[in-house]
1. In this structure, is VAL22 more than 14 Å from the ligand (Cβ to nearest atom) and touching a residue at least 40 places away in the same chain (Cβ under 8 Å)?
2. If I filter segment 279-302 for residues that are at pLDDT 95 or above, within 16 Å of the ligand (Cβ to nearest atom) and of a type in the set (D, E, K, R), do I get at least one hit?
3. Specify the residue that is farthest from LEU147 (Cα to Cα); the eligible residues are those in segment 213-235 that are crowded, with 19+ Cβ neighbours inside 10 Å and away from the ligand (no atom under 16 Å from the Cβ).
4. Identify, from the list VAL210, VAL282, VAL271, the residue that is over 16 Å from the mean Cα position of the chain (by Cα), within 30 Å of PRO55 (Cα to Cα) and surrounded by 23 or more Cβ atoms within 10 Å (Cβ to Cβ).
5. For segment 59-101, give me the residue count where each residue is farther than 22 Å from GLY163 by Cα, of a type in the set (S, T, N, Q) and either near the ligand (Cβ under 9 Å from one of its atoms) or surrounded by 19 or more Cβ atoms within 10 Å (Cβ to Cβ) (or both).
6. Quick one: which residue in GLU108, GLU56 is within 14 Å of the ligand (Cβ to nearest atom) and exposed (fewer than 15 other Cβ atoms within 10 Å of the Cβ)?
7. Have a look at LYS44, LYS50, LYS37 and point out the one that is of a type outside the set (A, V, I, L, M, F, W, C) and either near the ligand (Cβ under 9 Å from one of its atoms) or touching a Pro at 6+ places or on another chain (Cβ under 6 Å) (or both).
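The values are calculated or read from the model by the stated rules, or taken from the named source; none is laboratory data. Worth saying up front: this structure is predicted, and the values here are computed from it rather than measured. Don't worry about glycine lacking a Cβ; one is built from the backbone with ideal geometry, like all the others, and counts go over all protein chains shown.
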Amino acid sequence: ASLATTFLNHTYENPFMNASGVHCKDTKELNELDNSKSSTFITKSSTSLKREGNPEPRYFSVPLGSINSMGLPNEGFNYYLKYVIDRQQRMPKGNPAFFSVAGMSVDENLKMLKAVQDSDFNGVTELNLSCPNVPGKPQVAYDFDLLGEILQKVFEFFTKPLGVKLPPYFDFAHFDTAASILNRFPLVYVNCINSIGNGLYIDIEKESVVIKPKNGFGGLGGEYIKPTALANVRAFYTRLNPSIKIIGTGGIRTGGDAFEHLLCGATMLQVGTELYKEGVSVFDRIERELKEIMEKKGYTSIEQFRGKLRTL
Ligand SMILES: CC(C)(C)CCc1c(C(=O)O)[nH]c(=O)[nH]c1=O
């Protein structure tokens, strides 16, 4: 069975890569990803300037996943742009890399995207729409008027491949409204989902929360979020123009989880929490497990079952 995956006219040897934010903060982590069985990588969402992020503990692994309130710690936009452009020069035939931006304001996002547009970067850009809005208003992706406005402004000048990272939605009216907005723009993909926002994990022995920022509230990842991730992948796969691909992120721990995301219609698959727990060897394991499942079912390629989820 082959895991070959064509995405944006490039054939990757497999659909797997890291989720932004995990194992992608500096050159060491990015190089390790690039030399792993991950088909490519995405950088930590960058802001214009380097950010320390929130006080620690700000990430905590738990039996069924993870909780985090990192606060966008990153080396700054120029650091990551330099990394991906140096890599293009080092490996002109390398798989296209992904570059994530998450400005703290609409203007900061536009400024960074203009810089990407004017640069030699020839990979894929991901706009993290969980980026914060003005205090008191929900994140951009949950403010539908602002969602349309920011994409309108971006596509007035951005002509390189652009995808968006979406938080989970939980209501059909939200799936419908978000999809109707996204369908208006020449996006190359939507990435479903970001962590489920503002969960709370408690250590019963200490009768305490486990992360310091936000009184312990943080984004959930891992097994907790797979059903929500699958639903969002399926909801957007069935609502968006076929030209807008789906990247499946959320709860991918085994080859079976990957198979389920592909059944829902995902093209590329991102691994976050499990990569944090296992390190880059997670890609070897998940790829082996997915191949075993495909062979048992008689599939030789992913196209034979992608999107073919049955209903009753
Ligand atoms: C939540 C934000 C800090 C606004 C964006 C960065 C981010 C973070 C983070 O840096 O805290 N964590 C996530 O699970 N998803 C994200 O998109």
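1. No; evaluated as a whole, the condition is false for this residue.
2. Checking segment 279-302: not a single residue is at pLDDT 95 or above, within 16 Å of the ligand (Cβ to nearest atom) and of a type in the set (D, E, K, R).
3. LEU230
4. VAL282 is the lone residue from the list that is over 16 Å from the mean Cα position of the chain (by Cα), within 30 Å of PRO55 (Cα to Cα) and surrounded by 23 or more Cβ atoms within 10 Å (Cβ to Cβ).
5. Final tally of qualifying residues: 3.
6. From the options GLU108, GLU56, the qualifying one is GLU56.
7. LYS44
One line per residue, one yes/no per condition, for (1) under 24 Å from GLY221 (Cβ atoms); (2) in contact (Cβ under 8 Å) with a residue 40 or more places away in the chain; (3) not basic (Lys, Arg):
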site: PHE60; (1), (2), (3): yes, yes, yes
site: LEU64; (1), (2), (3): yes, yes, yes
site: ILE67; (1), (2), (3): yes, yes, yes
site: PRO73; (1), (2), (3): yes, yes, yes
site: ASN78; (1), (2), (3): no, no, yes
site: LEU81; (1), (2), (3): no, yes, yes
site: ILE85; (1), (2), (3): no, no, yes
site: GLN88; (1), (2), (3): no, no, yes
site: LYS93; (1), (2), (3): no, no, no
